[in-house]
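Reading through the C-alpha cells given below for one structure.
The values are calculated or read from the model by the stated rules, or taken from the named source; none is laboratory data. Note that the structure is predicted; figures quoted are calculated from it, not measured. Quick reminder, even Gly has a Cβ in these numbers, built from the backbone with ideal geometry, and neighbours come from all protein chains shown. Just the protein is used for accessible areas: all its heavy atoms, side chains included, with ligands, DNA and RNA removed. Shrake-Rupley method; radii C 1.70, N 1.55, O 1.52, S 1.80 Å.
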Amino acid sequence: MSDEDGAVRAGDAGSPIASAISHKQRLQRALERDTLSKPRHTRIIAVANQKGGVGKTTTAVNVAAGLAQEGMNVVLIDADAQGNASTALGIGHRSGTPGTYDVLISRASIADVVQPCEAVEGLYVVPATIDLSGADVELIDVPQREFQLRKAVDKFVLEYSKVDYVIIDCPPSLGLLTVNAFVAAKEVLVPIQAEYYALEGVSLLHGTIRRLSTQLNRELRLLGIVVTMVDNRTRLSREVIAEVQRSFPDLVFEVTIPRTVRLSEAPSFGETIMTFDPSSLGAVSYRALAHEVAHRENN
C-alpha cells in the first residue's frame, strides 16, 4: 500500500490527498490502455538543467527505469560527478570505478564500463565518480573535446543496435561535460521546478540548445519540458505550470511530477521510485512521463 492510499482512508474524500489519489487512478487507467513500441532507432536523450535541485537526476533515473520496465533496453550514462544517478540505481561509484570519466578521458569504450542495474531488468548504467569533477579542465586541450562522448556513444550504438534508449544525466551546469552530452544526444529533456525563476533558466538553456544545434550538432532538438516538484494545493504551482505552457505551448509534457516524500526517500535506499514504491503517485507519474517520452519519437 502506498503512502497516498493509506492517508486517503483516514482523510476526507474531498481533501488534497483524496484529489491526488483520484489523479493517480486516472493516470493508471490511461497507462493500462496504452502500449509502447520500440523506437525505430536508438534514441539518445540528455536530461539537463543548469539549475540544481529541480529533479533532474530523479527524472533521468525514473524515466530510464520506467522505459526499461516497459521492455526497452536502456543505458543510463551518469555524467554528473556527484554520481547521484549511480546511487539511485544501486551502482557503486567510488573513485577509480570505471565509468564516464574513463570514457571521456581514457577513451574507454562504453561496453567496457557499463554495469547492469540489478533492480530493473533491461537497465544498464555507466557510473560517474568524483574523478569527473576535473574532467572539464582535463578536456580543455583535447582535440575535438566536445565530441568525446559522442564518439563513444556512436560506437556503442553501432555495436549494440538492440539498445533502445541512451539517457544521459547531465551536471547542473553548462560546462564541457554538458556540452559533450548535448553533442552526443539527439534530444534534450528539461525538468524544471514549479517556481517563478524556472522560465528564466529554461530560456537560457533553450538558447544554448539552439546555438549548439547550429554549431556542433544539427540533430539536437528540445524534446520537452517537464514540471517537477508540483504541489497542486498552491497557487504558485498552478501559475508556474500555466506560464510554462503559455511560453512553450508545444513542448510542455502533459504529465507533471508531484512533490512527495517517497520520491525523496527512494535514492537513499539505492532505488528508483519505480521499485521502491511502484504504486505511489510519484511512480505512476514517472511511468506516464516515460510513455509520453516514448510517444514523442515522431514529433
Per-residue ellipticity at 222 nm attributable to helices in the chain (runs of n ≥ 4 DSSP H, -39500 (n - 2.57) apiece, nearest 500 deg cm²/dmol) works out to -13000 deg cm²/dmol
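Roll a 1.4 angstrom probe over the protein heavy atoms and tell me the percent of accessible area of the chain that is carbon or sulfur.
That fraction is 50 percent.
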Electrostatic dipole magnitude of region 162-299 [Cβ: Lys, Arg +1; Asp, Glu -1; Cα centre; debye, to 20]: 260
Toy charge model, Lys and Arg Cβ at +1, Asp and Glu Cβ at -1: the chain dipole around Cα centroid in debye, rounded to 20, equals 720
Nearest-ten-degree value, helix 148-159 long axis tilted from longest Cα axis of the chain: 80
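On average, how much area does the Cα convex hull of region 94-243 cover when viewed from any direction, in nm²?
Mean projected area of the Cα convex hull: 10.8 nm².
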Regression test value, accessible area per residue of the chain, probe 1.4 Å, units Å², expected 45
For region 96-217, the dipole about the Cα centre with charges only on Cβ (Lys and Arg +1, Asp and Glu -1), to the nearest 20 debye, works out at 480
Simple spin-label estimate for residue 36/residue 238, 7 Å along Cα→Cβ, in nm, reads 3.2
What range in the chain is the longest one free of trypsin sites (Lys or Arg not before Pro) that are in a loop by DSSP and have at most 11 other Cβ atoms within 10 angstrom? 219-299
Just reorder 289, 27 by solvent-accessible area, largest first, 1.4 Å probe, all chains present. 27, 289
Heavy atoms of residue 295 accessible to a 1.4 Å probe, total area in Å² rounded to 10: 100
Can you give the extra length, in nm with one decimal, that the chain gains between residue 197 and residue 261 once fully stretched, where that is 0.36 nm per residue apart less the Cα-Cα distance? 20.7 nm
Going by amide H atoms built from the backbone, whose H comes under 5 Å of the H on residue 168, apart from near neighbours? 45, 46, 47, 77
State the answer as a single residue: which of 240, 189, 217 lies farthest towards the positive end of the charge dipole of region 182-270, with beta carbon charges of +1 for Lys and Arg and -1 for Asp and Glu, about the Cα centre. 217
